[in-house]
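**Q** For reference, the structure I am asking about is given below.
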There are 2 protein chains.
Amino acid sequence: MSISAFRAELGDIPQEDNPRLVQQRSRDHYWYSPILKAKLDHVTAEVVVSPRSNDEVKTVLAAAFRHGVAITPRGAGTGNYGQAMPLSGGAMLNLMNMDKVLDIKPDRVRAQAGAVLEEMDHQTRAAVHGELRFHPSTYRMASIGGFIAGGSGGVGSVRWGGLRNLGSILGLKVITCEAEPRELDLEGEDILKVAHAYGTNGIIVEAEMPLAPAHDWIDMIVGFDDFMAAARFAEAVALQDGLLVKEVAPCAAPIPEAYFNRHKPYIKAGQSVVLIMVAPVSAAAMTLFTSHSRGEMLYRSDRASEEELKRLPPVYELAWNHTTLRALKVDPSITYLQTRYPTIDHVEKIVSLLGDELPMHIEMTRQDGIVTFAGLPLVRYTTEARLEEIIRIHEDNGCNVFNPHRYTLEEGGMKRTDQKQLDFKREADPRGILNPGKMVAWENPDFDFKAGKAWLFDGLNPVHAA
Amino acid sequence: MSISAFRAELGDIPQEDNPRLVQQRSRDHYWYSPILKAKLDHVTAEVVVSPRSNDEVKTVLAAAFRHGVAITPRGAGTGNYGQAMPLSGGAMLNLMNMDKVLDIKPDRVRAQAGAVLEEMDHQTRAAVHGELRFHPSTYRMASIGGFIAGGSGGVGSVRWGGLRNLGSILGLKVITCEAEPRELDLEGEDILKVAHAYGTNGIIVEAEMPLAPAHDWIDMIVGFDDFMAAARFAEAVALQDGLLVKEVAPCAAPIPEAYFNRHKPYIKAGQSVVLIMVAPVSAAAMTLFTSHSRGEMLYRSDRASEEELKRLPPVYELAWNHTTLRALKVDPSITYLQTRYPTIDHVEKIVSLLGDELPMHIEMTRQDGIVTFAGLPLVRYTTEARLEEIIRIHEDNGCNVFNPHRYTLEEGGMKRTDQKQLDFKREADPRGILNPGKMVAWENPDFDFKAGKAWLFDGLNPVHAA
Ligand SMILES: Cc1cc2nc3c(=O)[nH]c(=O)nc-3n(C[C@H](O)[C@H](O)[C@H](O)COP(=O)(O)OP(=O)(O)OC[C@H]3O[C@@H](n4cnc5c(N)ncnc54)[C@H](O)[C@@H]3O)c2cc1C
Ligand SMILES: Cc1cc2nc3c(=O)[nH]c(=O)nc-3n(C[C@H](O)[C@H](O)[C@H](O)COP(=O)(O)OP(=O)(O)OC[C@H]3O[C@@H](n4cnc5c(N)ncnc54)[C@H](O)[C@@H]3O)c2cc1C
């Protein structure tokens, strides 16, 4: 591959090659994982390219194809698994210059891939009182393209499920990496070829998403002396069909008092909490339900002073992976897992087995129509072996783990090849230039996921010389 | 009781005493049940009183209290269980003159009890693009007060659950039946005292309801050769979190071809169907899901001609108790049951046991957060004994039956006293004047619901002389 020949063909498309800046842009939140941190710390691209239009994206991809330069797409770089890290060096394709909201209808919005989620909601709220059905807790930074390519769900998933559900994404415009890059409009099931494929088989340049009605969501924090009481309350809230909520997340003590710095004054020692976002129309019913359930209303944003509202982050920035982030800031030895507890009894079992080694954090979500405990427990990390043991303890007790300490699609997820994604990569990225090393099925079709070893990408090299 | 003394105190409040008209207004859809038909056919009030304001309601109730005249409130009279029938004669209190929408906010609407549901939606759609979360299939006739006092849920319950859920009703204004009638504003759990109490413990004069976003719902009818395939598809649709649907109802052959007169040309012989209402934003995903599930798209309103749209009733008027109504019109020997099948296997079991004696009709609903099969199967009625047997077959196979052949609150529902409703009746209707005979706990606190006999109200008399 020849980076310089590649770069020479890009005309006035903005490029950045200051090594420090390039390295910054070559990273995501991989460092949440001590394991990924060790493996990926040295990874960096050689240049960041920032196209401003679909045509410029085509120019970049055609040049990359010709010269065999690895291309790693990047939105805001808030992914947690090193998804956006350029394992083979080459060029970062920064999409954040393509950030326009293109079209707003009462029930849907179309935007460029680099549009930031919060900004999209800002515009759709003003135009049609609509907002995205759900968003990651990185709402204020993350791009719609990065969310679709690398995320799964988030705030709102308790009502709407996640990205992989039919109907959650209405359409994508994707550019292929070929001698003559094509623009493809994907709809219906074709969307699944590219969604959550880490950008390995096409560059998303536009996305059309359904809108839900916007509400002036009220943040509530409800306290319980006992975590299982909090978890039971959270489940009951999520099962209340008449209560319009956007977020329900129980967090075990000592998470709230130890890591929610700004909210500390509201939380008693030893208290577990449930983080809630509720629509004004359901606020009275929620208050009633809370007091019936003997929950203590520690905070509600609709009763907060101007000054409190300014000082305190929104509740969703205590939730999802922000819980982990806040813990990491206080205690860098902490990491986390992604789990799924089929029932409250499974939650109780794991809590009783692992105690404070695994401070429990759950996101109530709907999965295939069923209210589910999606776990994002913190882990007081000691060794990789112990982490594997904790995963095994989960699996032995009938709980699923989606390993966030892996940078490949397969190992973090379903532990098998997604044939649709692989087939589409053959078509859309025949030279295997897009985000190399992230799709095991492409690099090493015979890899045995059951053998229990992490797959290591051969091309995981130090920076190439140009 | 002295009807004439009572009437003399009403001033210019409209009264009607033409016996034929009064009898018409003394009836609801009790005749869906051959059992209720036999028991209640002779029931009639002596006068219909139609107040136009809260003050006039108070005047009526104070006079009734003084003179011991039974008062039976009535909305549109579309109830199915004789709820609105004046078992002790007396006066019908017609609320349909109090039909104003009082206040519309982006997320809620407040209306007088006699407001017709369709008209409420009409106004809220225009004002804030909102609509009621769910409505009975008698949408075009039923009143909000009658729905709250006598209904349970309907079109939209697949997403939002039913009236009894916390948060489904925001507030009620109720007038008590005392020497000096009081106006009470009920909120929170107090609402449950009066909701679904058949007007036995207070007259609802205003209601505040939450709004959901309005959509231009698309009607779809999907055909399957096999009913269980239709039922499985219906469940799968209801479980798809990303598909925004308002109605999902599988109906077994021969219901569609035999009873859906106007839709007959669309339906093949022997076909079972699933009735669907889907939001435009989910239409493409629904079409995809349908073809994947090998369903045949028989009809969709967004592809229908002007002429078809004029000729065909909306899909929701094939569903809920409209299914029964359409069957009854063709075959007067038909009646129905209200059931609940915990799982699809229960559905299959009952279908295999009862076959065409019980043409199956299911409404997919959410109940306490769980997608459930709410059955409204037709019954080819022979004898009361056989009907009881069919109920027993359900119960023996772990399926609940809510008996629609009973006119009391308890026997149709939970088979036990609702203590809150009873306590509130003591307070709000100390003389027991409101809708006598409908609350067993009031009339006969010691009645044994388990003995298997229907309770018969003593006061179920022919018309009193004035
Ligand atoms: C504190 C914190 C909280 C988080 N909470 C959540 C959460 O609640 N839910 C959730 O799902 N995730 C969560 N994440 C992960 C991540 O923030 C989200 O998935 C986010 O949407 C990613 O968007 P991004 O623009 O930062 O994407 P990036 O990190 O830049 O990219 C993500 C992946 O998509 C690829 N990609 C980016 N843009 C494109 C494109 N246009 N075309 C093709 N491929 C592309 C990248 O190569 C990478 O593989 C969280 C992360 C952090 C650090
Ligand atoms: C074809 C058909 C389909 C139906 N589908 C559904 C359905 O999908 N879901 C459903 O829940 N029901 C259904 N029903 C039953 C009924 O139509 C609804 O419950 C409807 O909402 C009743 O409204 P109404 O105005 O006709 O009430 P009415 O029948 O007039 O009254 C219902 C009950 O409430 C009392 N009442 C009426 N107004 C007041 C008031 N202001 N204050 C106190 N008490 C009052 C009456 O005394 C009576 O006991 C159906 C009935 C038919 C005939």
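**Q** Please compute the Cα-Cα pair-distance distribution of the range A:101-214 with 10 Å bins starting at 0, giving whole percents from short to long.
**A** 15, 51, 28, 5, 0
**Q** Compute the acute angle (0 to 90°) between the alpha-carbon long axis of helix A:283-292 and the principal axis of greatest extent of the alpha-carbon atoms of chain A; round to the nearest 10°.
**A** Helix A:283-292 sits roughly 50 degrees off the main axis of chain A.
**Q** Other chains' Cβ within 10 Å of A:288-299 residues: what's the mean? All intermediate terms of the calculation are to be shown ahead of the outcome.
**A** On the way: counts 6, 4, 0, 1, 3, 0, 0, 0, 0, 0, 0, 0.
Whole-number average of other-chain Cβ neighbours for A:288-299 is 1.
**Q** Right, here's the next one. If R0 is 56 Å, what FRET efficiency do you get for A:Glu395 and B:Ala385 from their C-beta distance, rounded to 0.05? Spell out each step's value before the answer.
**A** On the way: r = 55 Å, r/R0 = 0.98.
It comes out at approximately 0.55.
**Q** Could you tell me whether the range A:365-438 comes out rounded, prolate or oblate from its Cα gyration tensor? Rule is a ≥ b ≥ c as square roots of the eigenvalues, rounded for a/c under 1.5, then prolate if a/b exceeds b/c, otherwise oblate. Write down the numbers at each step before the final one.
**A** Working: a/c = 2.88, a/b = 1.60, b/c = 1.80.
Oblate is the answer for the range A:365-438, as a/c is 1.5 or above yet b/c matches or exceeds a/b.
**Q** Next question, about the same structure. Among A:Phe147, A:Val158, A:Met209, whose Cα projects farthest towards the positive end of the dipole of the range A:101-214, with charges put on the beta-carbon of Lys, Arg (+1) and Asp, Glu (-1)?
**A** Comparing the listed Cα positions along the dipole, A:Val158 ranks first.
**Q** Within the range A:288-327, report the chymotrypsin sites (Phe, Trp or Tyr not before Pro) that DSSP leaves as loop and that have at most 11 other Cβ atoms within 10 Å.
**A** Details: sites: A:Phe289, A:Tyr299, A:Tyr316, A:Trp320; in loops: A:Trp320.
Counting only loop positions with at most 11 other Cβ atoms within 10 Å, none of the chymotrypsin sites (Phe, Trp or Tyr not before Pro) in the range A:288-327 qualifies.
**Q** Excluding A:Gln271 itself, calculate the net charge of residues whose Cβ lies under 10 Å from the Cβ of A:Gln271, where each Lys or Arg counts +1 and each Asp or Glu counts -1. Before the final figure, lay out the partial values.
**A** Values: positive: A:Lys268; negative: A:Asp225, A:Asp226, A:Glu257, A:Glu296.
After counting each charged neighbour, the total is -3.
**Q** List the distances, in nm to one decimal, from the label point of B:Ala126 to the label points of the same position in every other copy, shortest first, placing each label point 7 Å from Cα along the Cα-to-Cβ direction.
**A** 3.0
**Q** Here is a follow-up. Among chain B residues, which Cβ is nearest the axis of the B-onto-A rotation, and at how many Å?
**A** Nearest Cβ to that rotation axis, in whole Å: B:Pro213, 2.
**Q** Can I ask one more? Across peptide A:234-244, what mean number of C-beta atoms from other chains lies inside 10 Å of a residue's C-beta? Write out the running numbers ahead of the final one.
**A** Numbers: counts 0, 1, 2, 2, 1, 7, 7, 19, 13, 6, 6.
Mean shielding by partner chains, rounded to a whole number: 6.
**Q** Taking just the alpha carbons, could you work out the radius of gyration and Dmax for the protein assembly as shown, both in angstroms?
**A** Cα-based Rg and Dmax for the protein assembly as shown come out at 31.1, 107 Å.
**Q** At q = 0.16, 0.18, 0.21 Å⁻¹, work out log10 I(q)/I(0) for the range A:1-96 with the Debye formula, treating every Cα as an identical point scatterer and leaving solvent out; two decimals please.
**A** Per q value, in the given order, log10 I(q)/I(0) is -0.60, -0.75, -0.97.
**Q** Between B:Met297 and A:Gln24, what FRET efficiency comes out of the Förster formula 1/(1 + (r/R0)^6) with R0 = 60 Å and r the beta carbon distance, rounded to 0.05? Can you show the working numbers first?
**A** On the way: r = 52 Å, r/R0 = 0.86.
Computed FRET efficiency for A:Gln24 and B:Met297: 0.70.
**Q** What is the Cα radius of gyration of the range B:160-283 over 2.2 N^0.38 Å, N being its residue count? Write down the numbers at each step before the final one.
**A** Values: Rg = 20.5 Å, N = 124, 2.2 N^0.38 = 13.7 Å.
Here the answer is 1.49, to two decimals.
**Q** OK, next. Under a Cβ-only charge scheme (Lys and Arg +1, Asp and Glu -1), can you give me the dipole magnitude of the range A:17-166 about the Cα centre, in debye to the nearest 20?
**A** Values: 18 positive and 13 negative charges, 49 e Å.
About 240 debye.
**Q** Which distances in nm, rounded to one decimal and ordered from shortest, link the label point of B:Thr382 to the equivalent label points in the other identical copies, with labels set 7 Å from Cα toward Cβ?
**A** Inter-copy label distances (nm, one decimal, shortest first): 7.2.
**Q** For the protein assembly as shown, what is the mean residue ellipticity at 222 nm derived from helices alone (per DSSP H run of n ≥ 4: -39500 (n - 2.57); sum divided by total residues; nearest 500 deg cm²/dmol)? The partial results should precede the final answer.
**A** On the way: 35 runs with 290 residues, N = 932.
My calculation for the protein assembly as shown gives -8500 deg cm²/dmol from helical runs alone.
**Q** Between 0 and 90 degrees, rounded to the nearest ten: what's the tilt of helix A:321-330 against the longest Cα principal axis of chain A?
**A** The angle comes out near 80 degrees.
**Q** For a protection proxy built on the mean count of beta-carbon atoms within 10 angstrom, sort A:110-116, B:93-99, A:332-338 highest first, please. Don't skip to the answer; put the middle values down first.
**A** Details: A:110-116: 24.4, B:93-99: 21.3, A:332-338: 18.9.
Those peptides, ordered most packed to least, come out A:110-116, B:93-99, A:332-338.
**Q** A further question follows. Grab the Cα-Cα distance for A:Ala126 and A:Ile344, subtract it from 0.36 nm times how many residues apart they are, and report the gain in nm with one decimal.
**A** On the way: separation 218, 0.36 × 218 = 78.48 nm, distance 4.00 nm.
Value of the extension gain: 74.5 nm.
**Q** Still on this structure, please answer the following. What order, most packed first, do the peptides B:257-264, B:167-174, A:24-31, B:11-18 have when packing is the mean number of other Cβ atoms within 10 Å of each residue?
**A** On the way: B:257-264: 17.5, B:167-174: 23.1, A:24-31: 20.5, B:11-18: 13.0.
Those peptides, ordered most packed to least, come out B:167-174, A:24-31, B:257-264, B:11-18.
**Q** Which value, in debye to the nearest 20, describes the size of the charge dipole of chain A about its Cα centre when Lys and Arg Cβ atoms bear +1, Asp and Glu Cβ atoms bear -1, and nothing else is charged? Please list the in-between numbers first.
**A** Numbers: 50 positive and 61 negative charges, 91 e Å.
I would put it at about 440 debye.
**Q** Using the Cα gyration tensor of the range A:36-158, with a ≥ b ≥ c the square roots of its eigenvalues, what is the shape: rounded (a/c below 1.5), prolate (a/b larger than b/c) or oblate (neither)?
**A** Values: a/c = 3.13, a/b = 1.51, b/c = 2.07.
In terms of gyration-tensor shape, oblate.
**Q** For the range A:101-214, what is the charge dipole size about the Cα centre, in debye to the nearest 20, if Lys and Arg each add +1 at the Cβ and Asp and Glu each add -1 at the Cβ?
**A** Working: 11 positive and 15 negative charges, 86 e Å.
Around 420 debye, computed over the range A:101-214.
**Q** Between the helical axis of B:419-428 and the dominant principal axis of chain B, each derived from Cα atoms, what acute angle in degrees is found, rounded to the nearest 10?
**A** 40 degrees
**Q** Tell me the distances, shortest first, between A:Leu309 and the same position across the other copies, using label points 7 Å along Cα→Cβ, in nm to one decimal.
**A** Result, one decimal in nm: 4.2.
**Q** From other protein chains only, count the Cβ atoms within 10 Å of every residue's Cβ in B:206-213, then give the mean. Could you put the intermediate results ahead of the total?
**A** On the way: counts 0, 0, 1, 1, 7, 2, 3, 9.
Mean number of neighbouring Cβ atoms from other chains: 3.
**Q** For the range A:221-379, take every pair of Cα atoms, bin their distances at 10 Å starting from 0, and report each bin as a whole percent.
**A** 11, 44, 37, 9, 0
**Q** So which trypsin sites (Lys or Arg not before Pro) in the range B:362-451 pass both tests, a DSSP loop state and at most 16 other Cβ atoms within 10 Å of the Cβ? Please list the in-between numbers first.
**A** Details: sites: B:Arg366, B:Arg380, B:Arg386, B:Arg392, B:Arg406, B:Lys415, B:Arg416, B:Lys420, B:Lys425, B:Arg426, B:Arg431, B:Lys438, B:Lys450; in loops: B:Arg406, B:Lys415, B:Arg416, B:Arg431, B:Lys438.
In loop regions of the range B:362-451 (DSSP not H, G, I, E or B), the sparsely surrounded trypsin sites (Lys or Arg not before Pro) are B:Lys415, B:Arg416, B:Arg431.
**Q** I've got another one for you. So how far apart, in nm, are the two label points at B:Asp17 and A:Ala284 if each is 7 Å from Cα heading toward Cβ?
**A** 4.1 nm
**Q** To continue, here is another question. Could you sort the peptides B:396-402, B:141-147 by per-residue average Cβ neighbour count (10 Å cutoff), highest mean leading? Before the final figure, lay out the partial values.
**A** Values: B:396-402: 14.9, B:141-147: 27.4.
Final packing ranking: B:141-147, B:396-402.
**Q** Can I ask one more? With r as the distance between the Cβ atoms of B:Ala454 and B:Glu427 and R0 = 45 Å, compute the FRET efficiency 1/(1 + (r/R0)^6) and round to 0.05. Don't jump to the answer; show the numbers that get you there.
**A** On the way: r = 29 Å, r/R0 = 0.64.
That pair, B:Glu427 with B:Ala454, gives E of 0.95.
**Q** Can you give me the three principal axis dimensions of chain B from its C-alpha atoms, in Å, biggest first?
**A** 67, 52, 39
Throughout, read-outs are computed from the coordinates displayed, never taken from laboratory work. Given the structure is predicted, the values throughout are model-derived calculations rather than measurements. All Cβ positions, glycine included, derive from the backbone under ideal geometry; neighbour counts span all protein chains shown.
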